[in-house]
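Participant: Structure incoming, see below.
The values are calculated or read from the model by the stated rules, or taken from the named source; none is laboratory data. All values derive from a computational prediction rather than experimental measurement. Neighbour counts run over all protein chains shown; Cβ positions are idealised from the backbone, glycine included. Only protein heavy atoms, including side chains, enter the accessible area calculation; ligands, DNA and RNA are left aside. Shrake-Rupley method; radii C 1.70, N 1.55, O 1.52, S 1.80 Å.
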Amino acid sequence: MTESIKAVLECKALAKSFEEGPEKLEVLKDVNLFVGPSERVAVVGSSGSGKTTLLQLLAGLDHPSSGEIRVCGHELAAMKDAHQNELRNRHLGFVYQFHHLLPEFTALENVSMPLLLRKNTSIKQIKDKAEELLDAVGLIARARHKPAELSGGERQRVAIARALVTEPDLVFMDEPTGNLDPNTAEKVHGLMQSLSQEFTTSFIVVTHDMRLARQMDRVFRLESGTLILDP
Ligand SMILES: Nc1ncnc2c1ncn2[C@@H]1O[C@H](COP(=O)(O)OP(=O)(O)O)[C@@H](O)[C@H]1O
Ligand SMILES: [Mg+2]
């Protein structure tokens, strides 16, 4: 990937410290990353190495101590909070280890939610789009089911459909398959591979599973506060 291809995400010399009284914890020291369209990047690293902190910064959910982050050409630090929220809503999606689906709503309603919050789309358009995504993750037959009636893998697939329903340029996943058995985890990763091409979506995925990480375009290891390309 060369710099001439438009970056979906770019960060330079990113650093983050947490101050706890007299103690200063330097979690990220010098993180540099360039992610292009449809690229799938894995981030591995031991527990406490700063993977979640990194995703939070890249998504604009926390502020870096220093360094620069650009999302789809926009520099986060230069934006007001409201504008950052809009950028997040328009360009980014999220999937976490625990699906965070709303228990009282059906799969279809959960997937519809990000579009309902946008207020500028008709109910018919929202339903069509949500059904398209549920179909893409192989769960159209489960549209009327609530999260409790779905398996762990199915719930994560619904969470992926929900993350993609707004057609984001980039989806962050924080150990999305950490809770699944290896077989199901493999299926969820396979799905991500095909969706990244179908919807031109880039993925930054934190995972513990080196085998799954290896199936992505590039693998980085977060170590001593910096990202190292894993050969
Ligand atoms: N808000 C915070 N305040 C203080 N320390 C934090 C905060 N968030 C994370 N940390 C610390 O930063 C380090 C990295 O945490 P985290 O990013 O969650 O690691 P990982 O996701 O790789 O397990 C840990 O030592 C954690 O305790
Ligand atoms: Mg974490």
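Participant: Quick one: in segment 204-216, of everything that is more than 12 Å from ligand 1 (Cβ to nearest atom) and at pLDDT below 95, which residue is farthest from ALA136 (Cα to Cα)?
Facilitator: The extreme case among them is MET210.
Participant: Can you tell which of MET113, MET79 is more than 16 Å from ligand 1 (Cβ to nearest atom), free of Cβ contacts under 8 Å to residues at least 24 places away in the same chain and open to solvent by less than 70 Å² (accessible area, probe 1.4 Å)?
Facilitator: Of MET113, MET79, the one residue that is more than 16 Å from ligand 1 (Cβ to nearest atom), free of Cβ contacts under 8 Å to residues at least 24 places away in the same chain and open to solvent by less than 70 Å² (accessible area, probe 1.4 Å) is MET79.
Participant: Of (1) open to solvent by 70 Å² or more (accessible area, probe 1.4 Å); (2) at pLDDT 95 or above; (3) touching a Ser or Thr at 6+ places or on another chain (Cβ under 9 Å), GLU104 satisfies all except one. Which?
Facilitator: So GLU104 meets the others, but not (3).
Participant: Name the single residue that is farthest from ligand 1 (Cβ to nearest atom) among those in segment 34-44 being open to solvent by less than 10 Å² (accessible area, probe 1.4 Å) and more than 12 Å from the chain's Cα centre (by Cα). Spell out how you get there, then give the answer.
Facilitator: Keep residues of segment 34-44 that are open to solvent by less than 10 Å² (accessible area, probe 1.4 Å), which gives 35-36, 41-44.
Filter once more, keeping what is more than 12 Å from the chain's Cα centre (by Cα): 35-36, 44.
Values: VAL35: 19, GLY36: 24, VAL44: 10 Å.
Restricting to residues being open to solvent by less than 10 Å² (accessible area, probe 1.4 Å) and more than 12 Å from the chain's Cα centre (by Cα), the top hit is GLY36.
Participant: While we're on this one: State which residue is least open to solvent (accessible area, probe 1.4 Å) when the search covers only segment 57-69 and only residues that are of a type outside the set (Gly, Ala, Ser) and at pLDDT below 95. Talk me through it step by step, then tell me what you get.
Facilitator: Within segment 57-69, the subset of a type outside the set (Gly, Ala, Ser) is 57-58, 61-64, 68-69.
Narrowing further to those that are at pLDDT below 95: 61-63.
Details: LEU61: 79, ASP62: 52, HIS63: 113 Å².
Only one residue fits best here, namely ASP62.
Participant: Name the strands (runs of 3 or more DSSP E) wholly inside segment 1-67 in which the number of residues that are touching a residue at least 24 places away in the same chain (Cβ under 8 Å), more than 27 Å from LEU191 (Cβ to Cβ) and within 14 Å of ligand 2 (Cβ to nearest atom) is 1 or more.
Facilitator: Strands (runs of 3 or more DSSP E) meeting the threshold: 9-20, 23-35.
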